[in-house]
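Colleague: Handing you a structure now.
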């Protein structure tokens, strides 16, 4: 009997840790101040819980920024919207030029969450977020990077 109680306790502890491991996007990324930019996909991974993408964006002076991002949606939502793994990978293959709607990481750096992707014809790619809007930061270094005042903890 003690063996079963110990096993049950272990399972409950592991389940609780797994459930609390996922984070909300608003904690890590500034989704209230989205910005847009044209970028070139360098890598796309159809992963769970969120697909990831690396992209390059070129500034007005010719400097290239290398960004890491994740998509807000998850593979099951993508598949329900018709964006299967093979269709998504084909639409976002390396070298593809896309317009991205990005929420920058709250800790800064070239990291963010992609809320919407459009192709050069203005069509939504990999997802169904047609109502997302953003400030145009094409060619502006760092997009909308948070300043020191944005990094303060609440109630400080």
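The values are calculated or read from the model by the stated rules, or taken from the named source; none is laboratory data. Keep in mind that what you see is a predicted model, and the values were worked out from it rather than measured. Backbone-built Cβ (ideal geometry, glycine too); neighbour counts: all protein chains shown.
Colleague: Determine whether the stretch 48-70 contains at least one residue that is more than 19 Å from residue 110 (Cα to Cα), surrounded by fewer than 20 Cβ atoms within 10 Å (Cβ to Cβ), in contact with a helix residue (DSSP H, G or I) (Cβ under 7 Å, 6 or more places away or on another chain) and modelled with pLDDT under 95.
Modeller: At the first step, the residues of the stretch 48-70 found to be more than 19 Å from residue 110 (Cα to Cα) are 48-49.
Then drop every residue that is not surrounded by fewer than 20 Cβ atoms within 10 Å (Cβ to Cβ), which leaves 48-49.
Add one more test, that the residue is in contact with a helix residue (DSSP H, G or I) (Cβ under 7 Å, 6 or more places away or on another chain), and what stays is 48.
Adding the requirement that they be modelled with pLDDT under 95 leaves 48.
Checked against the condition, which is being more than 19 Å from residue 110 (Cα to Cα), surrounded by fewer than 20 Cβ atoms within 10 Å (Cβ to Cβ), in contact with a helix residue (DSSP H, G or I) (Cβ under 7 Å, 6 or more places away or on another chain) and modelled with pLDDT under 95, the stretch 48-70 yields at least one hit.
Colleague: Name the one entry in 112, 103, 108 that is under 20 Å from residue 59 (Cβ atoms), in contact with a helix residue (DSSP H, G or I) (Cβ under 8 Å, 6 or more places away or on another chain) and either modelled with pLDDT of 90 or more or not in a loop (DSSP other than H, G, I, E, B) (or both). Give the derivation first.
Modeller: Values: 112 fails: in contact with a helix residue (DSSP H, G or I) (Cβ under 8 Å, 6 or more places away or on another chain); 108 fails: either modelled with pLDDT of 90 or more or not in a loop (DSSP other than H, G, I, E, B) (or both).
Sole residue among the options that is under 20 Å from residue 59 (Cβ atoms), in contact with a helix residue (DSSP H, G or I) (Cβ under 8 Å, 6 or more places away or on another chain) and either modelled with pLDDT of 90 or more or not in a loop (DSSP other than H, G, I, E, B) (or both): 103.
Colleague: Quick check, is residue 93 assigned to a loop (DSSP other than H, G, I, E, B), modelled with pLDDT of 95 or more and touching a strand residue (DSSP E or B) at 6+ places or on another chain (Cβ under 9 Å)?
Modeller: yes
Colleague: What about residue 88, is it surrounded by 13 or more Cβ atoms within 10 Å (Cβ to Cβ), in contact (Cβ under 8 Å) with a residue 12 or more places away in the chain and in a strand (DSSP E or B)?
Modeller: Details: surrounded by 13 or more Cβ atoms within 10 Å (Cβ to Cβ): yes; in contact (Cβ under 8 Å) with a residue 12 or more places away in the chain: yes; in a strand (DSSP E or B): no.
So residue 88 fails the test.
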